[in-house]
Amino acid sequence: MSENTEAAESAIEAVALVDIDGDGTVDAVVTVDEAGDTVTYVDVDGDGTVDIIIAGSEDGSTVVAIDEDGDGTPDVVLVDVDGDGKVDAVITRTEDGGTVTAIDEDGDGTPDILLVDVDGDGTIDALATLDENGEVVDVYEVVEEDAPASE
């Protein structure tokens, strides 16, 4: 057993298996760690795979990851950074493997900034600012400069 496995095992204080729809199969697994943080794994369609993961911190911040197509990779991630119950950021995976991150900076329910990773390499390729109606105001392309050749 590795040191990391031992640390993970000792951190979990409680586990609950939940049958939400009463069909006799486990639909959700809830874990609680020493700090009071919870992680819930939900199998929505009963096929034995995790469709939704909900991670909640004792401070109220929450991350919800949703795998809509069953490929094991989140398609949509919702983030409540400050624990106020409002979504502060939505990360959506594109069909091409990229991501679009919509950030609601002022908490009014409308995104203010979009960060776009077109090619899925983990770097932001474009940034857009939005007005109070969610309409694009400005778009900035992020240009990566070649690194200087090492000698």
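Per-structure values
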quantity	calculated
Net length gained if the chain between residue 123 and residue 26 were fully extended (0.36 nm per residue, minus Cα distance)	31.1 nm
Mean-position separation - Cα centroids, the stretch 13-86 and the stretch 93-132, in angstrom	24 Å
Accessible surface, the stretch 34-135, averaged per residue in Å² (probe 1.4 Å)	56 Å²
Full-extension gain in nm, residue 66 to residue 135, via 0.36 nm per residue minus C-alpha separation	22.2 nm
Percentage relative contact order, the chain, counting C-alpha pairs under 8 Å, at least six apart	9 percent
Charge context of residue 26, other residues only, Cβ under 9 angstrom, K/R +1, D/E -1	-3
Descending semi-axes in whole angstrom, ellipsoid equivalent of the stretch 10-151, from the Cα gyration tensor	34, 19, 17
Packing-based order for 89-102, 65-78, using average beta carbon neighbours within 10 Å, highest first	89-102, 65-78
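The values are calculated or read from the model by the stated rules, or taken from the named source; none is laboratory data. Treat the numbers as computed from the prediction; the structure is a model and nothing was measured. When we count neighbours, we look across all protein chains shown, and the Cβ atoms used for this are built from the backbone with ideal geometry, even at glycine. Just the protein is used for accessible areas: all its heavy atoms, side chains included, with ligands, DNA and RNA removed. Shrake-Rupley method; radii C 1.70, N 1.55, O 1.52, S 1.80 Å.
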